[in-house]
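So the structure is just underneath, and the comments pick up after that.
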Amino acid sequence: MMLPFYCHQNSLLLSHFLTLKNTNTFSALSQPPQKTETMPLPHTLFFFFLLQHILTFTIATPSTTILEGTTTLRSPNNTFELGIFNLQPSNNFYLSIRYTSLPTQILIWVANRHQPAPSQPNTTLQLTNCHVSLTHPQTSLPLWQTPKSPSFSSCNLQLLETGNLVLLSSENDTVLWQSFDEPTDTWLPGMNLTQTRSLVSWKTKTDPSPGLYSLRLKPPNYGELELVFNGTDSYWSTGNWTGDSFLGIPEMTNPYIYRFHFEKPFTEDASFGFTERTSDSGLLPTRFRLEPQGQVQQYTWWKQAGTWNRFWFKPELCQVRGLCGSFGVCNGQESSYCGCVHGFVPSDEVGWRNGDYSLGCVREKKDSCVKRDDFQDMGLVKFGYGSMNISKAKSLSFCESKCLGSCECVGLTFSDGSGLCRNFYGSVFDFQNVSSVGDGGGVLRVRVPRERNGEVLDRTVLIVAVLVGSAAVSGVVVVTLLVLVKKKRKKELEEEDGFVQMLNLRVFSYKELQLATRGFSEKVGHGGFGTVFQGELSDSTLVAVKRLERPGGGEKEFRAEVSTIGNIQHVNLVRLRGFCSENAHRLLVYEFMQNGALSAYLRKEGPSLSWDVRFRVAVGTAKGIAYLHEECRNCIIHCDIKPENILLDSDFTAKVSDFGLAKLIGRDFSRVLATMRGTWGYVAPEWISGVAITTKADVYSYGMTLLELIGGRRNVEAPPSAGGCDRDKESDCETGERWFFPPWAAQQIIDDNVADVMDKKLGDVYNIEEARRVGLVAVWCIQDDEAMRPTMGMVVKMLEGLVEVSVPPPPKLLQALVTGESFHGVKADSGYEIATGGSLSGGNLEVSTADSESYVGDAYSSLLGN
């Protein structure tokens, strides 16, 4: 009975002996020595021998408590902190790292994402024999732990300025474990992705448990990155590494704040990562994050605005695989980006409220096999499905009948030309709009429950039939046949007319819009091809209704706008809510912008914008155009960027409008020939001269608009007082002379006299560095050679100060339009002159004011060689 006592005594003695070897703050063996009774040396040696051979498992292991409850561990400069934090609204707690130097405390790493702690007070992080573990009294096993390191007896835990949590040996600073080797959803500078290290998204915005999406090096070659759904289904990739960038991300070569490095690509030892370049303002907080909705997004801290700025992401939201689940429809809205097909409801209401749409939708009525079902036209889409059966059918009705005959059939496509009837079984999902059947899609019709009011009508018809007899039944049959014939004829007309119902768009009747606009009485603007009226829908939502007025061009314009922007959603693009295509009426319904167009703030007698608002407008507009150019499935050239097409909402957020002149070019083409359109004074030289255009034409127009924004004036108006006309005195401008502002403004900016260009209404209340940056960007955008103009994505980075902006050369074409003594706009020996009334003598271009849309012929052809 004495043996347990001796074992206990000598265990304590051994513990005492080992404890004295270590005194490091975060040492694995840093408990103070415990007081024990001494024993004679022979007895001690005997029990040591016995302990080694029989009872080593009874040794008590001392440990150091690193964190408990609300305590935290911070990096040397307090940039990051490690703690046990809660994510509202849940009651779960996580060992995680977050920013402490920024007002928004974003989590960048979570340890116990698989098993959260139920409370904070009793949750502890301990260091024991170079082994870190997170424990809670209610759980028998650790919530999270690092691998054990039996070869080291002393170590310490440190949180570095990089955000990396490292476990180091106290003897030689060997890294035993680090959080950068076990990333969660965030990728920081200095962190590398390898064959075994990948990012895994959170389940939702408030649930850090592993989600359905991952970013990894693509096996088996490991020469590119890919986004994967559910562990196996790849839906986006970077393309192969070319030596300095990925094939699908050429913008990586831009002189940005990152240095990317790819060690041993195309091998199993491949390792890809990035570091930061030091800028004038030091290192900017930056990160990549794999979002719960399956997009990888790049963020940089915007100090001026005090917020994280997202300026790059892939892919488009509605191209993410499995985002909305079966029978779910992506609408592109960041607040709630999924909806259900008509007649279906979310299968997981709680999940949908929390942003988890992966389980999709189910029929609202549980009767999954009803032959009286209807079909909803989803438009021209490509999509995923469970299984498919292909057969021949005489008509669409025969194809529908075949689908209705099977309980498992959920949708169909039918080709009039070939007669091919495709029936789909199980489920349909991942709907994506395409521009043609050749893009891998078809006009999908999803099987949906017949509307309830139709059932009521059927029952009413049955009662009437019973009461009034066969005569009434015959009447009902005749009426029904007439309705069916009319419905079929209407569908045929719509198909002949080329309209396919787009996702996320509402089809309005002409009467609805006539009532909403009070008979089109409140005119708020006049744009290309039509007049814009303010309206109010039945739900009190304010809208802007554009009524197309030109039968030929307006029709073509209408089709272009609907097909182009129907499903494009971006915070800096005006949203198209719906349209009307009824008889000869063609109308577009947009969200209403309370603060009107930017052009209203560029008038001498009009309201003025503060510099802060102007700068936000410049950046927001650039982001909207960059989205059209670089983020849409098909590159979209706007073709008519000008202040009239930049609208301001209630918060003065800039939104690009009027995509009617937009041209779509496929990813396989770098250029597109366009008929000459747009507004003179904003169109690029290569466009007016009749050559092929690219997205750089929009860059030129944007640059011209920037000059107007900072100058608070239109590009074509009376000259400044130095030229004999005081802007504040109408009497000095009665001659009707017109002065082209950009050449003079560009030269002032190049000469570092940006203050002379600035709107006098601002006084000195503006950020001179931001103003200089905006001015330089504007001049870069209006370079004659389109190759010298930056992309819109690069413009965003330049404006935000993430890329250094050098002094550009003066645009030669604009120089050619300026005389040495007058402001009439061309060299004396050129034979060209911008004269009163806006006509270009000697040429065949007819010019009016900056608001004009009238032009004829080739304006710059004789000047291009100068």
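Just so it is clear, none of the values below were taken in a lab; they were calculated from the coordinates. None of these values were measured; they are calculated from a predicted model. Don't worry about glycine lacking a Cβ; one is built from the backbone with ideal geometry, like all the others, and counts go over all protein chains shown.
The figures follow:
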{"quantity": "Trypsin sites (Lys or Arg not before Pro) within region 164-242: DSSP coil, no more than 13 neighbouring Cβ in 10 Å", "calculated": "Lys205"}
{"quantity": "Added length on full extension, which subtracts the Cα-Cα distance from 0.36 nm per residue, Asp649 to Thr307", "calculated": "121.1 nm"}
{"quantity": "Ascending count of other beta-carbon atoms within 10 Å, so fewest first, for Leu160, Leu648", "calculated": "Leu160, Leu648"}
{"quantity": "FRET E, pair Leu160, Met788, Förster distance 41 Å, beta-carbon r, rounded to 0.05", "calculated": "0.45"}
{"quantity": "3J(HN,Hα) from dihedral phi, region 302-308, Karplus parametrisation 6.51/-1.76/1.60, rounded to Hz, x for glycine, proline", "calculated": "9, 5, 4, 8, x, 8, 7"}
{"quantity": "Exposure proxy order (Cβ contacts within 10 Å, fewest to most) of Glu68, Glu804", "calculated": "Glu804, Glu68"}
{"quantity": "Among 756-762, 164-170, the order from most to least packed when residues are scored by Cβ within 10 Å on average", "calculated": "164-170, 756-762"}
{"quantity": "Sorted peptide list for 288-298, 406-416, criterion being average Cβ within 10 angstrom, highest first", "calculated": "288-298, 406-416"}
{"quantity": "Sequence-distant residues sharing a close amide H with Arg506 (under 5 Å, placed H)", "calculated": "Gly578, Phe579"}
{"quantity": "Note, ³J(HN,Hα) from phi for region 229-241, Karplus 6.51, -1.76, 1.60, rounded to Hz, x at Gly and Pro", "calculated": "9, 6, x, 9, 9, 6, 10, 7, 9, 7, x, 5, 6"}
{"quantity": "Under 5 Å, built H, 5+ apart or other chain: amide partners of Val329", "calculated": "Gly339, Cys340, Val341"}
{"quantity": "Ascending count of other beta-carbon atoms within 10 Å, so fewest first, for Met252, Met388, Met593", "calculated": "Met388, Met252, Met593"}
{"quantity": "Positive-pole candidate from Trp187, Met252, Ser140, dipole of region 127-266, charges at beta carbon", "calculated": "Ser140"}
{"quantity": "Burial ranking of peptide ranges 706-715, 743-752 (average Cβ count within 10 Å, highest at the top)", "calculated": "706-715, 743-752"}
{"quantity": "Amide H contacts under 5 Å for Phe592, placed H, 5+ residues apart", "calculated": "Ala544"}
{"quantity": "Loop-resident sites, region 286-353, for GluC sites (Glu not before Pro), counting at most 16 other Cβ within 10 Å (DSSP)", "calculated": "Glu334"}
{"quantity": "Around Gly519: net Lys/Arg minus Asp/Glu count, Cβ-Cβ under 12 Å", "calculated": "+3"}
{"quantity": "Karplus-derived 3J(HN,Hα), 6.51/-1.76/1.60, for each residue of region 88-103, Hz, glycine and proline x", "calculated": "5, x, 6, 9, 8, 10, 9, 6, 8, 10, 9, 6, 10, 7, 10, x"}
{"quantity": "Region 204-263 - charge dipole about Cα centre, Lys and Arg +1 at Cβ, Asp and Glu -1, debye rounded to 20", "calculated": "100"}
